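**Q** Would you mind keeping the following structure in view while I ask a few things?
Each reported figure results from applying straightforward, stated rules to the coordinates on display, with no laboratory input. Source: prediction; values computed, not measured. No Cβ is skipped: glycine too gets one built from the backbone with ideal geometry, and neighbour counts run over all protein chains shown.
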Amino acid sequence: MSLTTPAGGTTLDTATLASLKKVTQYYVVVAFLALFIGVMIGPLQALNYGGVDLYTTIAKIPVLNAILSTYYQGLTLHGVLNALVFTQFFISGWMLYLPLRELGGKPNMKFAWFTFWMMTAGLLMAAVPLLFNRATVLYTLYPPMQGDALFYIGAAIMVAASLLVFGQVVAVWLGWKRANPGRVTPIVSYMSVATWIMWFVASLGLVVEVVALVIPWSLGWRSGIDPLLSRTLFWWTGHPIVYFWLLPAYISWYAFLPRQMGGRMVSEPLTRLAFAMFVIFSVPVGLHHQYADPNINNTWKTIHMFLTFLVAVPSLLTAFSVGAALEDSARMRGGSGLFGWIRRLNWGNASATAQVLAMISFIPGGAGGIVNASLAFAPVVHNTAWIPGHFHITVGTATTLSFMGIAFWLVPHLTGKRLVAPKLALTSVWLWFWGMILMAVGMHWQGLAGVPRRALVSATTQPQVYDAMNIALPKFLTAASGIVLLAAGLAFFYVLFRTLLSPRTEDGEATPIPYSDAISTAGTELSRASGLVRGTESLLALGLLSLILTLLVYLPVIGPMISNYQMVPGQRIW
Ligand code: HAS
Ligand code: HEM
Ligand code: CU
């Protein structure tokens, strides 16, 4: 038996499809195991920002006190497991499955499995020093803080594995193009390939930082490292990595959510335009994380600021587009009025609800990002609690809650197991949403009052400073958010793990991929397509353009750093 694909490409045979589903399931399960541990640590940090120090209590509990021996070991585990491991594993599975499934052909499954095991090996290597408190360098790795070499090598292997997934997806896409000359790339594959190409250009900064600077130094082959150059290479990758987290959620908002709502996607050409813009403009903006760093010319900081405003444009296009799709679906279900239609969205479905709530959280999340990016506002918010406030409603909700919602159909689709307790699933996503909103309010507010991020502010050794700030209410909101999010996490993981452990009851295809029809399609033949569709088809050319633009705005910044390389010895400050 073989299955047709919406792209009309060669179909996948049954064995290949089964293997592809299995490897995707492995990626998704490892991702959620990482998120589970990461999320269990989060409330401790929220309580810290609520004035409650549980770390002193934990220090007395055997086993736990080994992996949470300091606030910073906990914070490193939280940041690495949630923002790096969960995202990368989920995305690698999701964006391997979608294009391979849609484009068909004969993908090399041995290679796909090799990549998965390689990424897992990298994760295990990095986990050892983390758990032994020998790499408490936070998820941003800022040298001259120095962890064990094994941590950096493991992280490098993980990133390298993600680049192999990129390679496989691009190879399958190019193979499809050769087999289907003159055809328009189908939309889900278009979005996936665009995201992978963006990630390739984005990853180069981190690859150079870790391979050329950090690993040789952590192995003792070099006596020092340049912190400024390392940070600059880190943020070359560190900003666009947030779009590597976001765009896989956008794929679902554009292509699948409308069908889950009973409606249609608005426009394939507009969707392609948004993704093409992300390919070009995601990377050359990293200096907006370094406004406070010395020895970087202000002109370049200003140029990166304007480019950052430009990369917000495709998100604004997305807001319009996915918002219109939601409204269209609600009106088709009988909704009316300026805002009255909102009540007619598919609020009974946990998967769809999770994603709408994720989208709503991204409205203030994106607005806060524009504030952070403004050179005039940045000094007020930089390094304060405002920043974790910003990214828990972007990566912590827009991305994470979307992935949680996707899992509610993807796991049944991959495994043939029916979702256990759908009502509890629905409750968990509402709790997550409100928990994150509470935390966002609490943390943004504390940030404006001047409370720093990355600090054990609840420690009894330093209460006077923060008591004088008149921040009792935001502290309370933050502490409460930790409790609500703990409940949300427990409910979600109960549903997910119970589903995974239940017996297989049906063919996974009984839960199909919810492809949406489009009101305005891109067509199938390039020769008859609009100029916009033809102009956005060559993703490799767009990737090259992105690389050129990135080099243009980075080489003049990095050049002087290299010619004036500073040898700073490594430090272990924990
Ligand atoms: Fe950010 C710091 C600027 C987006 C994540 N960001 C961070 C950090 C993280 C992060 C993790 O310029 C901390 C790094 C660290 O540890 O130091 N960010 C931006 C800007 C955007 C942005 C301009 N960030 C994200 C996304 C993230 C993320 C996405 C993760 C997924 N960010 C910054 C800056 C800093 C920063 C500075 C450094 C701060 C500092 O000082 O250290 C933009 O891309 C945002 C554009 C988004 C929009 C919103 C569009 C809205 C949509 C939803 C529509 C909803 C609808 C629903 C239609 C313009 C698409 C309607 C439904 C109904 C029912 C009504
Ligand atoms: C940091 C709470 C889930 C990613 C923090 C901080 C708090 C917090 C209060 C700030 C700590 C500090 O600056 O000292 C929580 C809670 C969660 C949760 C209560 C839910 C149970 C998530 C998720 C993600 C995430 C789902 C991403 C997928 C991060 C990152 C940091 C962080 C990257 C920064 C670490 C650093 O500064 O090195 N979290 N979080 N968190 N969180 Fe979460
Ligand atoms: Cu950024």
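**Q** Determine if the range 390-400 includes at least one residue that is within 16 Å of ligand 3 (Cβ to nearest atom), assigned to a helix (DSSP H, G or I) and small (G, A, S). Step through it out loud before you land on a result.
**A** The first filter runs over the range 390-400 and keeps only residues within 16 Å of ligand 3 (Cβ to nearest atom), leaving 390-396, 398-399.
The next check asks that each one be assigned to a helix (DSSP H, G or I); those that pass are 390-392, 394-396, 398-399.
From the residues that got through so far, the ones that are small (G, A, S) too are 396, 398.
Scanning the range 390-400 turns up at least one residue that is within 16 Å of ligand 3 (Cβ to nearest atom), assigned to a helix (DSSP H, G or I) and small (G, A, S).
A quick yes/no check of all residues on (1) surrounded by fewer than 19 Cβ atoms within 10 Å (Cβ to Cβ); (2) of a type in the set (S, T, Y); (3) under 28 Å from the mean Cα position of the chain (by Cα):
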{"position": "G182", "(1), (2), (3)": "yes, no, no"}
{"position": "V188", "(1), (2), (3)": "no, no, yes"}
{"position": "V193", "(1), (2), (3)": "no, no, yes"}
{"position": "M198", "(1), (2), (3)": "no, no, yes"}
{"position": "A212", "(1), (2), (3)": "yes, no, yes"}
{"position": "G224", "(1), (2), (3)": "yes, no, no"}
{"position": "T232", "(1), (2), (3)": "no, yes, yes"}
{"position": "W235", "(1), (2), (3)": "no, no, yes"}
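**Q** Further, regarding this structure: Looking only at the range 171-203, which residues are part of a helix (DSSP H, G or I) and without any contact (Cβ under 8 Å) to a residue 60 or more places away in the chain?
**A** At the first step, the residues of the range 171-203 found to be part of a helix (DSSP H, G or I) are 171-179, 187-203.
A171, L174, K177, R178, W199, S203 - these are the residues of the range 171-203 that are part of a helix (DSSP H, G or I) and without any contact (Cβ under 8 Å) to a residue 60 or more places away in the chain.
**Q** Could you grab me the full set of residues in the range 265-291 that are within 12 Å of ligand 3 (Cβ to nearest atom), assigned to a helix (DSSP H, G or I) and among the small types (G, A, S)?
**A** G286
**Q** Among the numbered criteria (1) under 30 Å from G263 (Cβ atoms); (2) within 16 Å of ligand 3 (Cβ to nearest atom), which one does L532 miss?
**A** Status for L532: all satisfied but (2).
**Q** Right, next: Are any residues in the range 353-389 more than 8 Å from ligand 1 (Cβ to nearest atom), outside any strand (DSSP E or B) and touching a Pro at 6+ places or on another chain (Cβ under 9 Å), and if so, which ones?
**A** Residue satisfying the conditions is A385 alone.
**Q** Quick test for you: out of K417, K423, pick the one residue that is surrounded by 17 or more Cβ atoms within 10 Å (Cβ to Cβ) and charged (D, E, K, R). Outline the logic, then answer.
**A** Details: K423 fails: surrounded by 17 or more Cβ atoms within 10 Å (Cβ to Cβ).
None of the others qualify; the one that does is K417.
**Q** Would you confirm whether any residue within the range 64-76 is more than 15 Å from ligand 2 (Cβ to nearest atom) and either acidic (D, E) or part of a loop (DSSP other than H, G, I, E, B) (or both)? So that I can check it myself, show each step before the final result.
**A** Of the range 64-76, the ones more than 15 Å from ligand 2 (Cβ to nearest atom) are 64-67, 69.
Right, trim to either acidic (D, E) or part of a loop (DSSP other than H, G, I, E, B) (or both) and you get 69.
The answer is yes, given that some residue of the range 64-76 is more than 15 Å from ligand 2 (Cβ to nearest atom) and either acidic (D, E) or part of a loop (DSSP other than H, G, I, E, B) (or both).
**Q** Which ones in the range 559-574 are assigned to a helix (DSSP H, G or I) and surrounded by fewer than 17 Cβ atoms within 10 Å (Cβ to Cβ)? Give the steps one after another, and end with the answer.
**A** Step one: filter the range 559-574 for residues assigned to a helix (DSSP H, G or I), giving 559-563.
Residues satisfying the conditions are G559, P560, I562, S563.
**Q** Inspect the range 152-162 for any residue being within 16 Å of ligand 3 (Cβ to nearest atom) and either more than 25 Å from the chain's Cα centre (by Cα) or of a type outside the set (K, R) (or both) and give the result as yes or no. Steps first, answer last, please.
**A** Taking the range 152-162 as the starting set, the residues that turn out to be within 16 Å of ligand 3 (Cβ to nearest atom) are none.
No, the range 152-162 contains no residue that is within 16 Å of ligand 3 (Cβ to nearest atom) and either more than 25 Å from the chain's Cα centre (by Cα) or of a type outside the set (K, R) (or both).
Per-residue answers, yes or no, for (1) touching a residue at least 40 places away in the same chain (Cβ under 8 Å); (2) in contact with a helix residue (DSSP H, G or I) (Cβ under 9 Å, 6 or more places away or on another chain); (3) among the charged types (D, E, K, R):
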site: I548; (1), (2), (3): no, no, no
site: L555; (1), (2), (3): no, no, no
site: G559; (1), (2), (3): no, no, no
site: I562; (1), (2), (3): yes, yes, no
site: P569; (1), (2), (3): yes, no, no
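**Q** Out of all the residues in the range 443-459, which are under 15 Å from Y71 (Cβ atoms), touching a helix residue (DSSP H, G or I) at 6+ places or on another chain (Cβ under 6 Å) and more than 16 Å from ligand 3 (Cβ to nearest atom)? Walk me through how you get there before you give the answer.
**A** Taking the range 443-459 and keeping what is under 15 Å from Y71 (Cβ atoms), we get 451-459.
Cutting the leftovers down to touching a helix residue (DSSP H, G or I) at 6+ places or on another chain (Cβ under 6 Å) gives us 453, 456-458.
Once the filter is applied, which keeps residues that are under 15 Å from Y71 (Cβ atoms), touching a helix residue (DSSP H, G or I) at 6+ places or on another chain (Cβ under 6 Å) and more than 16 Å from ligand 3 (Cβ to nearest atom), the range 443-459 yields L456, V457, S458.
**Q** Taking T120, is it surrounded by fewer than 23 Cβ atoms within 10 Å (Cβ to Cβ), touching a helix residue (DSSP H, G or I) at 6+ places or on another chain (Cβ under 7 Å), part of a helix (DSSP H, G or I) and in contact (Cβ under 8 Å) with a residue 12 or more places away in the chain? Please lay out each step first, then the result.
**A** Values: surrounded by fewer than 23 Cβ atoms within 10 Å (Cβ to Cβ): yes; touching a helix residue (DSSP H, G or I) at 6+ places or on another chain (Cβ under 7 Å): yes; part of a helix (DSSP H, G or I): yes; in contact (Cβ under 8 Å) with a residue 12 or more places away in the chain: yes.
Against the criterion (surrounded by fewer than 23 Cβ atoms within 10 Å (Cβ to Cβ), touching a helix residue (DSSP H, G or I) at 6+ places or on another chain (Cβ under 7 Å), part of a helix (DSSP H, G or I) and in contact (Cβ under 8 Å) with a residue 12 or more places away in the chain), T120 qualifies.
**Q** Quick one: which residue in P512, P556, P503 is within 21 Å of W236 (Cβ to Cβ) and either buried (at least 17 other Cβ atoms within 10 Å of the Cβ) or over 23 Å from the mean Cα position of the chain (by Cα) (or both)?
**A** Values: P512 fails: within 21 Å of W236 (Cβ to Cβ); P503 fails: within 21 Å of W236 (Cβ to Cβ).
Within the list P512, P556, P503, the selection yields P556.
**Q** Could you tell me whether any residue of the range 438-460 is hydroxyl-bearing (S, T, Y), more than 19 Å from A421 (Cα to Cα), within 14 Å of ligand 2 (Cβ to nearest atom) and in a helix (DSSP H, G or I)? Give the derivation first.
**A** Residues of the range 438-460 that are hydroxyl-bearing (S, T, Y), as a first pass: 458, 460.
Checking the rest, the ones that are also more than 19 Å from A421 (Cα to Cα) come to 458, 460.
Checking the rest, the ones that are also within 14 Å of ligand 2 (Cβ to nearest atom) come to 458.
Applying the additional criterion that residues be in a helix (DSSP H, G or I) yields none.
No - not one qualifying residue is present in the range 438-460.
**Q** Still on this structure, I have one more. So if I check each of L247, L257, which one is within 16 Å of ligand 2 (Cβ to nearest atom) and crowded, with 24+ Cβ neighbours inside 10 Å? Full working, then the answer.
**A** Values: L257 fails: within 16 Å of ligand 2 (Cβ to nearest atom).
Of L247, L257, the one residue that is within 16 Å of ligand 2 (Cβ to nearest atom) and crowded, with 24+ Cβ neighbours inside 10 Å is L247.
**Q** Right, something else. Which number in (1) without any contact (Cβ under 8 Å) to a residue 24 or more places away in the chain; (2) part of a helix (DSSP H, G or I) marks the one condition that L338 misses?
**A** For L338, the failing item is (2).
**Q** Among what's in the range 329-357 and is more than 28 Å from the chain's Cα centre (by Cα) and crowded, with 18+ Cβ neighbours inside 10 Å, pick the residue that is nearest to A488 (Cα to Cα). Quick ask: steps written out before the conclusion?
**A** Step one: filter the range 329-357 for residues more than 28 Å from the chain's Cα centre (by Cα), giving 330-341, 343-344.
From what's left, crowded, with 18+ Cβ neighbours inside 10 Å: 330, 335, 341, 344.
Working: A330: 27, G335: 30, W341: 27, R344: 25 Å.
If we take residues in the range 329-357 being more than 28 Å from the chain's Cα centre (by Cα) and crowded, with 18+ Cβ neighbours inside 10 Å, then R344 is nearest to A488 (Cα to Cα).
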